[in-house]
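Reviewing the structure listed below.
The values are calculated or read from the model by the stated rules, or taken from the named source; none is laboratory data. Predicted, not measured: the structure shown is a model, and the values here were computed from it. Glycine also receives a Cβ, built like all others from the backbone with ideal geometry; neighbour counts cover every protein chain displayed.
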Amino acid sequence: MIFYTVTKQKLNMKQFLLTAMSLCIITLLNAQTKDYIGIAVYNTQNAMPFGKFTGMFKEQLHPGVEAIYGRNLSSRKNHDWFLELRLSYFYHRYVQHGVPLYLNFGYRYKLSQKLFAETSIGAGYMHSIPATAKLKLNDNGDYVNNKGIGRAQATVSYSIGLAYTPLPSANKPFTFFMNYQQRILTPFVRSYVPILPYNTFMIGVKKPFDRSSKKSKK
């Protein structure tokens with residue numbers, strides 16, 4: 001009975017996350033305004049929120065890559081509100097391979113025509129695959145592989161950063177950005193590490209992607 005209840009709670013959490021994300025994704029993809037796409041590379045370290053920065057450049061690398069699809073929900077002279085769908089992969093040595101899929105809601109303040117400050121919060125789903133062998137005893141007393149296909153986790157993040165557009169007057173200008181992100185994964189190991197925090201430094205590039213103009217050409 002207890003196992004059934006816990007399993008049902010896990011399924012309910014996964015169903016809730018996937019349903020909420022699906023609704024947001026549908027809204028995002030149905031937008032008729034100029035969207036943008038981007039890609040970023042990053043290094044991540046497990047540490048308490050804002051607990052590590054310089055260590056990300058001199059300690060063991062845990063590399064990652066992230067694809068971005070987003071749009072501005074509202075654009076004004078001095079600021080923007082934006083929503084992004086982000087798909088990522090990172091490798092934490094000896095711990096796990098992580099595949100986060102999450103939505104990022106943020107605010108962009110225009111310091112000048114070329115320079116912007118950004119902050120955002122994100123939430124979504126992450127699939128975790130152990131990076132080392134995972135064994136268990138079978139009925140014959142032998143150790144067998146118990147790695148499986150991984151496990152589901154929830155991910156929550158907060159980011160601050162800067163962005164720079166060298167040629168804002170171009171038809172589809174490139175924007176270079178860097179973010180310092182705090183990410184929390186849960187549940188990691190329910191018995192003794194229910195929450196695993198990460199500090200991440202990310203650099204990347206974004207470019208406008210006008211879906212409405214492509215539709216009109218068809």
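Miscellaneous remarks
- Those strands (runs of 3 or more DSSP E) of the stretch 134-180 in which at least 1 residues are among the polar types (S, T, N, Q) and modelled with pLDDT of 95 or more, considering only elements entirely within it, cover 151-164.
- Test: residue in the stretch 95-110 that is under 17 Å from residue 178 (Cα atoms) and not in a strand (DSSP E or B): no
- Residues of the stretch 57-69 that are buried (at least 19 other Cβ atoms within 10 Å of the Cβ) and modelled with pLDDT under 95: 62 alone.
- Residue count for the stretch 115-133, restricted to those that are among the hydrophobic types (A, V, I, L, M, F, W, C) and either in contact with a helix residue (DSSP H, G or I) (Cβ under 9 Å, 6 or more places away or on another chain) or at pLDDT 90 or above (or both): 6
- Filter result for residue 74 (of a type outside the set (Asp, Glu), under 19 Å from residue 187 (Cα atoms) and part of a strand (DSSP E or B)): no
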